[in-house]
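One structure is given here, and the rest of the page talks about it.
The values are calculated or read from the model by the stated rules, or taken from the named source; none is laboratory data. The structure displayed is predicted, hence computed values, not measured ones. Here the Cβ positions follow ideal geometry from the backbone for every residue, glycine too, while neighbour counts run over all protein chains shown.
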Amino acid sequence: MHVLILGGTTEARRLAESLAAGTRAGLRVTSSLAGRVGAPRRPPGDVRVGGFGGAEGLARWLQEHAVDAVVDATHPFAGTISSNAASAAAATGVPLLALSRPGWVPVEGDAWHEAGSLDEAAGLLPSLGRRVFLTTGRLGLSAFAALGDLWFLVRSVDAPRAPAPARMEVLLDRGPFTLQGERELLRRHAIDVLVTKDSGGEATAPKLAAAREAGLPVIVVRRPPVPTGIPVVTGPKAAVDWLADRFGLGSDRTSPDT
């Protein structure tokens with residue numbers, strides 16, 4: 001049996017680790033990474049890097065490599081590959097599962113402002129603050145490039161490219177982050193507004209707690225929906241169980257919930 005994991009997330013890596021830890025004869029796992037991060041954390045098993053060439057290219061790859069199941073464990077904002085996966089699965093009849101970590105939920109004391117896109121987030125910014133902690137990744141900075149009166153602290157794994165805000169400091173770092181570290185970051189840079197995507201998960205959530213403690217407004221960009229008709233689980237263990245139930249792999253593997 002051949003399982004393709006569309007990866008690049010912590011959940012995808014943990015799923016690959018779980019399957020590798022309990023691998024039975026005849027089970028092959030391939031993790032596909034988009035290649036947008038310079039030094040990705042490679043999961044166990046076979047790894048391929050780069051795009052497939054759209055939905056048609058992915059469909060061909062599934063057939064040529066005799067894939068029996070696909071798990072879309074990409075980033076919640078990787079809408080294009082998720083759409084391509086749904087189209088390729090429908091075209092080939094290969095079962096597809098979405099592994100999507102739960103989104104963040106505001107709690108008492110949060111001052112969240114939801115936005116449907118980066119452009120909408122940029123439109124909200126001037127009324128909320130002047131010194132921005134921007135944690136939406138290195139892609140999409142063009143949405144904020146025209147905001148010349150604002151100052152940005154941009155945090156990303158790899159260096160961003162133009163177009164980008166003119167008044168900008170770049171912080172290259174990778175989670176998980178700590179609450180104390182995020183508090184100090186907000187204080188040291190006199191941040192008065194945070195912009196983030198609703199990526200979910202614990203690795204980058206401390207910034208939300210730090211902003212809440214400081215009474216800062218937070219612009220949260222909503223994630224795109226999972227393609228219609230695709231079953232969804234929220235953790236690697238549930239994904240292992242789905243594969244076991246559907247393909248009779250057995251349920252004696254161990255896997256973390258998140």
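Descriptive notes on the structure:
- Condition met for residue 185 (crowded, with 18+ Cβ neighbours inside 10 Å, modelled with pLDDT of 95 or more, not in a helix (DSSP H, G or I) and not aromatic (Phe, Trp, Tyr)): no
- For region 49-94, the set of residues classified as surrounded by 16 or more Cβ atoms within 10 Å (Cβ to Cβ), assigned to a loop (DSSP other than H, G, I, E, B) and touching a helix residue (DSSP H, G or I) at 6+ places or on another chain (Cβ under 8 Å) consists of 52, 67, 68, 73, 74, 94, listed by residue number.
- The single residue among 87, 18 that is out of contact with any strand residue (DSSP E or B) (no Cβ under 9 Å at 6 or more places or on another chain), farther than 30 Å from residue 161 by Cα and at pLDDT below 95 turns out to be 18.
- Verdict on residue 158 being on the phi < 0 side of the Ramachandran plot and assigned to a loop (DSSP other than H, G, I, E, B): yes
- Looking across region 145-171 at every residue that is of a type outside the set (A, V, I, L, M) and touching an Asp or Glu at 6+ places or on another chain (Cβ under 9 Å), the one that is modelled with the lowest pLDDT is identified as 156.
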